[in-house]
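Undergrad: Before we start, here is the structure in question, set down as structure tokens.
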Amino acid sequence: MPKPQPPSSLGTTGSALWAEVVEKYDLRADELRVLANAGGAADMLEDFLTAWREMGRPYMSKGSMGQEVEHPLIGSIDKQRKALAAFLKQLNLPDEEGVQANQQRDAANTRWSKRGA
């Protein structure tokens, strides 16, 4: 069965993410929609990072009242990183080592959470 093609709405970064994931995993239709959202977040993140680098990586800018404020792209970059991470987490893909690594990590987390209880 042929691998699903990335949506036409994805750019270079998002399409590369799509290709990498569908090459390794067979995803359901709902998971493909989440992957498309992850690809969109990856594209937007790359666009924001490129714009920020082209501006000289400013950390501060002038606010509406002339005060120094954090550059708005920094917050946008952070939001897209968090969105991308959330979408990828929602896919619940196994670690590179395979499903066993996920099971071992989950077992360890269970043990640690019981210690704190």
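The values are calculated or read from the model by the stated rules, or taken from the named source; none is laboratory data. The structure presented is a predicted model; accordingly, all values stated were derived computationally and were not measured. Virtual Cβ from ideal backbone geometry, glycine too; neighbours counted across all protein chains shown.
Residue by residue, here is whether (1) loosely packed, with under 12 Cβ neighbours inside 10 Å; (2) modelled with pLDDT under 95; (3) of a type in the set (A, V, I, L, M) holds:
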| residue | (1), (2), (3) |
| --- | --- |
| ILE74 | no, no, yes |
| ALA83 | no, no, yes |
| GLU96 | yes, yes, no |
| GLN104 | no, yes, no |
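Undergrad: For the stretch 1-55: of the residues being part of a loop (DSSP other than H, G, I, E, B) and among the hydrophobic types (A, V, I, L, M, F, W, C), which is modelled with the lowest pLDDT?
TA: Filtering the stretch 1-55 down to residues part of a loop (DSSP other than H, G, I, E, B) leaves 1-11, 25-28, 55.
Still in the list and also among the hydrophobic types (A, V, I, L, M, F, W, C): 1, 10, 27, 55.
Numbers: MET1: 75, LEU10: 98, LEU27: 94, MET55: 96.
Ranking the candidates gives MET1 first.
Undergrad: Determine whether GLU46 is charged (D, E, K, R) and in contact with a helix residue (DSSP H, G or I) (Cβ under 9 Å, 6 or more places away or on another chain).
TA: On the way: charged (D, E, K, R): yes; in contact with a helix residue (DSSP H, G or I) (Cβ under 9 Å, 6 or more places away or on another chain): yes.
The answer is yes for GLU46.
Undergrad: For the stretch 46-67, indicate whether the set of residues that are surrounded by 14 or more Cβ atoms within 10 Å (Cβ to Cβ), touching a Phe, Trp or Tyr at 6+ places or on another chain (Cβ under 9 Å) and not acidic (Asp, Glu) is non-empty.
TA: Checking the stretch 46-67: not a single residue is surrounded by 14 or more Cβ atoms within 10 Å (Cβ to Cβ), touching a Phe, Trp or Tyr at 6+ places or on another chain (Cβ under 9 Å) and not acidic (Asp, Glu).
Undergrad: Looking at the stretch 1-42, which of its residues are farther than 14 Å from LEU88 by Cα and crowded, with 17+ Cβ neighbours inside 10 Å?
TA: PRO6, LEU10, THR13, SER15
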